[in-house]
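> Have a look at this one.
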Amino acid sequence: GVTVRGRFAVVGGGIAGVTCAEKLAAEFPSDDIFLMTASPVIKAVTNFKQVSKTLEEFDVEEQPSSLLEKRYPNIRVIQSGVKHLKSDEHKIYTEDGTEYIYEKLCLCAGAKPKLIVEGNPYVLGIRDTDSAQAFQKNLAQAERIVVVGNGGIALELVYEIQGCEVIWAIKDKAIGNTFFDAGAAEFLLPKLSAESRETPIKCKRTKYTVEGREKKGRPTGASDKLGSALGPDWHEGLQLKGTKEFSYKVHIELLCEVKKIHLQQEFIQLQRTSLTFPKGEKNVEADEVLWPVYVELTNGKIYGCDFIVSATGVVPNVEPFLDGNNFSVAEDGGLKVDKHMQTSLPDVYAAGDICTAAWEPSPVWHQMRLWTQARQMGWYAAKCMAADALGQSIDMDFSFELFAHITKFFNYKVVVLGKYNAQGLGSDHELMLRCTKGHEYVKVVMQNGRMMGAVLIGETDLEETFENLILNQMDLSAYGEDLLNPDIDIEDYFD
């Protein structure tokens, strides 16, 4: 094989890898930066806007790698997957048989969708909003699909789907738990049904304490760590219908997971009954139609469908790098990185979905595998590699001070800040809520009079104020309920 030497190598053509390579190329214009990727296209950040101190907006665009090489003549894109890493020798081998010797390496190989089953042609994995849109095209022929998963992606998907029955299997007791609590889910629900848009109702502003943990009956699984359940009275001011029958085309099966998937032949041999699409609460009719594939849920029900969409999160793509290298790997499968994005191995860094932040985080930051964090981590990893190569010291990047993410759901602007779902706060917190149905939803998470997180749906114009309040941890007890009073211009207080 051929041997090539380079100062910096980056693996992965996604947002983290491309951002890292671009930053290194700009810092070291006379050095070659190798970017290794199995795909002919790379993902580039376009239309970048810094919305506030910590919030950023950008588009993600697939581009031929030649465009990247035009922008940065010292980036060499190697279109080949990585076969093996020999970290002790600072060598990386690509599938095409070339051996690269690097000084510093950054692994940005991303993550794969966590599929309910591997290798089943009827199970499609979806892991981000653009694959959700691409998937929309595959939907043309489908009459019924089953969606599994309860994050933002599943929510987005169900909203996008038209003219097709959707059975939506959710392991929690409310939709969208990763991005939202039950309140935000209920605020968004009317969008899922085809009813006429009602006039906005002012929801009363209320304080909620967290519902007691004394119900010993329910197992405390990982889902409990994610966020807080709202108290039993949370929907009083919302006058909303239950989640069960919110749309004639979407049926939700709560508190269940997929037990088994049967192909048509297997299902026939089982001699069990599958169900028609429920038309009302008590409906359990046997289905006469034969479907390509059947889903058996842990609640005992079986539904036939055209295919199954698995929107159940991701698994870091560490496989090609582990063999013969003594990486510290986190519980979620990611490569552990310290506050300089360094793995446990010398001169090997990692950024984006493949890595797991193993430093002591700021009290209002947490890792989520999102494009925004992939971009921030890729950029910061390059800064750290550069500083290290030049023997300089570097401070933690400001973007890790506060978790901040801006996105769109159901055509609403959605901003999440800090511990927006009371992640890790236990029951020691309270929630304050203000909502106008069909217009805006504002939730803040308070602890000891300080704002720890917020969810803003709609055009609230509160993001910068709340960002500052969370960052400066000012004691807000004196404002009480007025903190969310729409008639008081909160910004006047905090200039």
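> Being in contact with a Lys or Arg (Cβ under 6 Å, 6 or more places away or on another chain) and either of a type in the set (Val, Ile, Thr) or touching a residue at least 40 places away in the same chain (Cβ under 8 Å) (or both) is the requirement here; does GLU401 meet it? I'd like the intermediate steps shown before the answer.
Numbers: in contact with a Lys or Arg (Cβ under 6 Å, 6 or more places away or on another chain): no; either of a type in the set (Val, Ile, Thr) or touching a residue at least 40 places away in the same chain (Cβ under 8 Å) (or both): yes.
For GLU401, the condition - in contact with a Lys or Arg (Cβ under 6 Å, 6 or more places away or on another chain) and either of a type in the set (Val, Ile, Thr) or touching a residue at least 40 places away in the same chain (Cβ under 8 Å) (or both) - is not met.
> Please go through region 292-306 and give me each residue that is crowded, with 21+ Cβ neighbours inside 10 Å and of a type outside the set (Val, Ile, Thr), ordered by number.
So in region 292-306, the residues crowded, with 21+ Cβ neighbours inside 10 Å come out as 293-295, 303-305.
TYR294, TYR303, GLY304, CYS305, listed by residue number.
> Can you tell me which residue within region 243-267, out of those that are of a type in the set (A, V, I, L, M) and closer than 16 Å to ILE308 by Cα, is modelled with the lowest pLDDT?
Of the residues in region 243-267, the ones of a type in the set (A, V, I, L, M) are 250, 252, 254-255, 258, 261, 263.
When the remaining residues are screened for being closer than 16 Å to ILE308 by Cα, the result is 250, 252, 258, 261, 263.
Values: VAL250: 80, ILE252: 83, VAL258: 93, ILE261: 95, LEU263: 94.
Here the residue is VAL250.
> From the set of residues in region 303-323 that are among the small types (Gly, Ala, Ser) and part of a strand (DSSP E or B), which is nearest to the chain's Cα centre (by Cα)? Write out each step before concluding.
Start the filter on region 303-323 by keeping residues that are among the small types (Gly, Ala, Ser), which leaves 304, 310-311, 313.
From what's left, part of a strand (DSSP E or B): 304, 310.
Numbers: GLY304: 29, SER310: 14 Å.
By that ranking, first place goes to SER310.
> Going by the structure shown, is VAL51 farther than 19 Å from GLY110 by Cα, touching a residue at least 24 places away in the same chain (Cβ under 8 Å), surrounded by fewer than 20 Cβ atoms within 10 Å (Cβ to Cβ) and over 26 Å from the mean Cα position of the chain (by Cα)? Before the answer, list the steps.
Numbers: farther than 19 Å from GLY110 by Cα: yes; touching a residue at least 24 places away in the same chain (Cβ under 8 Å): yes; surrounded by fewer than 20 Cβ atoms within 10 Å (Cβ to Cβ): yes; over 26 Å from the mean Cα position of the chain (by Cα): no.
No.
> Of the residues in region 407-459, how many are in a strand (DSSP E or B) and open to solvent by 20 Å² or more (accessible area, probe 1.4 Å)?
Narrowing region 407-459 to residues in a strand (DSSP E or B): 407-409, 412-418, 430-436, 440-447, 450-457.
Applying the additional criterion that residues be open to solvent by 20 Å² or more (accessible area, probe 1.4 Å) yields 407-408, 412-413, 430, 434, 447, 450.
Of the residues in region 407-459, 8 are in a strand (DSSP E or B) and open to solvent by 20 Å² or more (accessible area, probe 1.4 Å).
> If only one of LEU476, LEU471, LEU484 is hydrophobic (A, V, I, L, M, F, W, C), closer than 23 Å to LEU188 by Cα and in contact (Cβ under 8 Å) with a residue 24 or more places away in the chain, which one is it?
Answer to the selection: LEU484.
> Across region 258-275, what is the total count of residues that are open to solvent by 80 Å² or more (accessible area, probe 1.4 Å) and in a strand (DSSP E or B)?
So the answer is 2.
> Name the residue, out of ASP332, ASP338, that is of a type in the set (Asp, Glu), at pLDDT 95 or above, open to solvent by 60 Å² or more (accessible area, probe 1.4 Å) and farther than 12 Å from CYS106 by Cβ.
ASP338
> Here's another thing I want to ask about it. Can you tell me which residue is most open to solvent (accessible area, probe 1.4 Å) among those in region 355-395 that are over 16 Å from LYS104 (Cβ atoms) and in a helix (DSSP H, G or I)?
Ranking the candidates gives TRP371 first.
> Restricting to region 1-41, what's the tally of residues that are surrounded by fewer than 18 Cβ atoms within 10 Å (Cβ to Cβ) and either among the aliphatic types (A, V, I, L, M) or under 23 Å from TRP371 (Cβ atoms) (or both)?
8
The values are calculated or read from the model by the stated rules, or taken from the named source; none is laboratory data. Keep in mind that what you see is a predicted model, and the values were worked out from it rather than measured. Cβ sites come from the backbone with ideal geometry, for glycine too, and all protein chains shown count toward neighbours. Calculation scope for accessible area: heavy atoms of the full protein, side chains included, ligands and nucleic acids excluded. Shrake-Rupley method; radii C 1.70, N 1.55, O 1.52, S 1.80 Å.
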